[in-house]
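The structure appears right after this line, and notes come after that.
The values are calculated or read from the model by the stated rules, or taken from the named source; none is laboratory data. None of the values given here were measured: they were computed from a predicted structure. Quick reminder, even Gly has a Cβ in these numbers, built from the backbone with ideal geometry, and neighbours come from all protein chains shown. Note: accessible area is taken over every heavy atom of the protein model, side chains too, but ligands, DNA and RNA are not part of it. Shrake-Rupley method; radii C 1.70, N 1.55, O 1.52, S 1.80 Å.
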Amino acid sequence: MRQLAPKYSAWSLLRARVAGDGYWRPLWTGAQLRDAYDVVVVGAGGHGLATAYHLARDHGVKRVAVLEKRLLGYGNVGRNTTIVRSNYLLPQNHYFYEDSLRRWETLSRDLNYNVMYSPRGVIDLAHSDGDMVALARRGNAMRVAGIDAELLDPRRLARFAPELEPYRARRFPVVGALLQRRGGTVRHDAVAWGYARAATALGVDIIEDCEVIGVRTAAGFATGVETSRGYVQAEQIVFAVAGHSGAIGTLLGVQMPIETHLLQAMVTEPVKPLIGSVLIYVYPHGEVYLTQSDRGGVVMGGYLDGFPSYTREGQWFRLQDVVQSAVALLPQLASLRILRQWAGTNDMSMDGSFIIDRIRYDNVFINGGWCYGGFKAIPASGAACATFVATGTAPDLIRQHTLARFRSGHLLDERGAGPFPARQ
Ligand SMILES: Cc1cc2nc3c(=O)[nH]c(=O)nc-3n(C[C@H](O)[C@H](O)[C@H](O)COP(=O)(O)OP(=O)(O)OC[C@H]3O[C@@H](n4cnc5c(N)ncnc54)[C@H](O)[C@@H]3O)c2cc1C
């Protein structure tokens, strides 16, 4: 997945393309793997790239490498449904995700790369009075924290999202919603490309096709990583491997409170603008969340497939569930064809919240447990993780997202406490 950086106008690009005169510059190619680094970041997904970028930009760390076993953006950063929001219930989570949402708002400018942040509004739908109470609780918690949240009755919902026709007779009627207007979508692969280009410009080496297969240690410290290309010495190591976080635990001899599960998504053929926001529909028989891409395809996802797996092959039954739920919500989708379906491996932590912490050794860090919500976290995670690694102290926003909480019982149980147990 190599992207090329245009320099001038569309015309000059076309001319250059035809003439093949070298206008097109690679965004991140060219780095040679060196023998030693100050920090080795493992995994060129969103979290790894953002961490490397912030290490170089905010803390002046000179020798940083991102080692990726496949291709940059091959993992979940390029497979997700691109939804960003900060509508979490627990303060430990909503302050962090709000920090991230604020960073999304300015990221295109910061990276000088258009990541296409689109604050189209995220709508959680309610189907009973009980749902409304739970949404009001979550919305109030957000407002107390200074985060935008609005409770909508069907009349206001109909005005904001007319395609929903809230008054339409349904088996599970829509009785209201929680709206976060600043929530929306961001183009996922542009995020990987933008961070990669910015990090490369700051001197970070991005090395693809380089799998980390072991950690070498001496006197209780990690001294470097064994890779498929040989040994690389490192002062500090950060694992940001998402769906492979559990495997990294095994490699380090630490049992992780994580299971890897499949989540799939799908997109329909393109149609004219129909869905103006992000719709989240959780009802007793299923779940679907929907957006419409800029190309016009309706992008959908739902529950996990329900069993641990690394296959990236979504099961047919889940695709059916998601489509049924989508049509139950918006019958006008019934005649659309599904063009593509794909899946990714999610590192599901046992309490539904993420982990950024030291693991086993003082100079080894894990950035994982992102479950199915880690895309939206990338800007805040990169900044916070970099600060932790560079200063040795976890910033307040992530201080409680430790591994130790699973031993002490101080869980950040967003799933248990949230209105809809299946999603966080
Ligand atoms: C279908 C789907 C929909 C989703 N929708 C959303 C959404 O709408 N909003 C949201 O916030 N989140 C969503 N998510 C979750 C989100 O995509 C992930 O939580 C997030 O992308 C994970 O972080 P990452 O980008 O760093 O991971 P990845 O992109 O997976 O990066 C990890 C990288 O590590 C590499 N790696 C692994 N092991 C090694 C090794 N040993 N050596 C070297 N490299 C290694 C992998 O190849 C990979 O490139 C979704 C996920 C899926 C699958």
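Things worth noting here:
- Dimensionless Rg ratio for the range 240-323, taking C-alpha atoms and the 2.2 N^0.38 Å reference: 1.36
- D by Stokes-Einstein for the range 92-223, Kirkwood Rh over Cα pairs, 4 °C, 1.567 mPa s: 71 µm²/s.
- In loop segments of the range 51-138 as defined by DSSP, there are no chymotrypsin sites (Phe, Trp or Tyr not before Pro) with at most 14 further C-beta atoms inside 10 Å of their C-beta.
- Multiplying the residue separation of Leu274 and Asp35 by 0.36 nm and removing their Cα-Cα distance gives an extension gain of 80.7 nm.
- Distance between the C-alpha centres of the range 220-283 and the range 40-98: 10 Å, rounded to the whole angstrom.
- Evaluated with a Cβ-only charge set (Lys, Arg +1; Asp, Glu -1), the range 99-229 carries a dipole of roughly 600 debye about its Cα centre, given to the nearest 20.
- For the pair the range 357-378 and the range 316-348, the centres of their Cα atoms are 29 angstrom apart.
- Backbone phi angles across the range 353-359, fed through the Karplus curve with coefficients 6.51, -1.76 and 1.60 (θ = phi - 60°), yield HN-Hα couplings of 10, 7, 10, 10, 7, 6, 9 Hz in residue order; Gly and Pro are listed as x.
- Computed about the Cα centre, the dipole magnitude for the chain is approximately 940 debye when only Lys and Arg (+1) and Asp and Glu (-1) carry charge, each at its Cβ.
- Highest to lowest packing among 196-209, 345-358, 303-316, scored as the average C-beta count within 10 Å: 345-358, 196-209, 303-316
- Structural size metrics of the chain, computed from C-alpha coordinates, are Rg and Dmax of 21.7, 68 Å.
- Interchain or long-range residues, amide H under 5 Å from Ala36's placed H: Gln233
- Stretchable slack from Glu226 to Arg137, in nm (0.36 nm times residue separation minus alpha-carbon distance): 27.2 nm
- Expressed as a whole percent, the accessible surface of the range 93-194 that belongs to carbon and sulfur atoms is 51, based on a 1.4 Å probe.
- Based on the reciprocal of the average 1/r between different C-alpha atoms, the Kirkwood radius for the range 38-131 equals 15.7 Å.
- Between the residues Pro331, Gly409, Ala240, the greatest Cα displacement towards the positive end of the dipole of the chain, with unit charges on the Cβ of Lys, Arg, Asp and Glu, is found for Pro331.
- Taken over the range 178-285, the percentage of Cα pairs per 10 Å bin, counting from 0 up to the bin with the maximum distance, is 9, 25, 29, 21, 13, 3, 0.
- Label sites at Asp362 and Leu339, each approximated as a point 7 angstrom past Cα along Cα to Cβ, lie 5.4 nm apart.
- Rounded to the nearest 500, the 222 nm mean residue ellipticity of the chain from helices alone is -9000 deg cm²/dmol, with -39,500 (n - 2.57) taken per DSSP H run of at least 4 residues.
- The alpha carbons of the range 224-282 give a radius of gyration and a Dmax of 19.8, 53 Å, in that order.
- Surface composition of the range 301-423: carbon and sulfur make up 52 percent of the accessible area, probe 1.4 Å.
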